[in-house]
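Down below is the structure, laid out as structure tokens.
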Amino acid sequence: MKTGIGIKAADTAAVAQALNLILADEHVLYIKTRNAHWNVEGPDFYAQHKFFEDQYAQLEDIIDEVAERIRSIGHFSVATMGKFLELTRLTEQSRSSNDSLGFIKELLEDHESIIVHMRENIPQFDEKWHDIGTSDFLTGIMEIHEKMAWMLRSHLVK
């Protein structure tokens, strides 16, 4: 269906493509955080189990919002694991142990990677594709990742 939201069709297509890349990263990070929640071991198990649960719930909300943003500009969201793995910039985990600090360090790296990617690319949504709404939307998502990264980072301070 054609949208009449004041943005050229070619620009909404480019925005949707960029958002689908973000959606893929969010999904992979969500799965990795679920893995940490399910499989964390150690004397801090219960606290970390609950902590990771809070983090994946936030990611679940982000995923839904990104997918709905893609739909709101008239395009379809990717929605298969194969496509997410094809598009993501993140890597799947390969762990030798399930300690909380290992999970935290890896998840922190992924959040920071997403933050840097967003910070570098948010301006083009407004300047190149004339979509200030998506630019603003992604700034809010980036701020959520910054807070989540802070929470993870705070576990690493001695």
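Run lengths n ≥ 4 of DSSP H only: what is the helix-derived mean residue ellipticity at 222 nm for the chain, with -39500 (n - 2.57) per run over all residues, to the nearest 500?
-26000 deg cm²/dmol
If the chain between Glu92 and Phe76 were fully stretched, how many nm would it gain, using 0.36 nm times the residue separation less the Cα-Cα distance?
Result: 3.3 nm gained on full extension.
May I have the count of lysine pairs in segment 9-154 with C-alpha atoms under 22 Å apart, counting pairs 8 or more residues apart or located on different chains?
7
Could you give the length gained on full extension between His49 and Leu156, defined as 0.36 nm per residue of separation minus the Cα-Cα distance, in nm?
Separation in residues times 0.36 nm, less the Cα-Cα distance, equals 36.9 nm.
Return the label of the correct value of P(r) over Cα pairs in 10 Å bins from 0, in percent, as calculated from the structure shown, out of (i) 10, 30, 27, 15, 10, 6, 2, 0; (ii) 10, 35, 29, 14, 7, 4, 1, 0; (iii) 11, 39, 31, 14, 5, 0.
(iii)
A short reminder: the numbers here are calculations on the coordinates, not readings from a lab. Quick caveat: nothing in here was measured; it's all calculated off a predicted structure.
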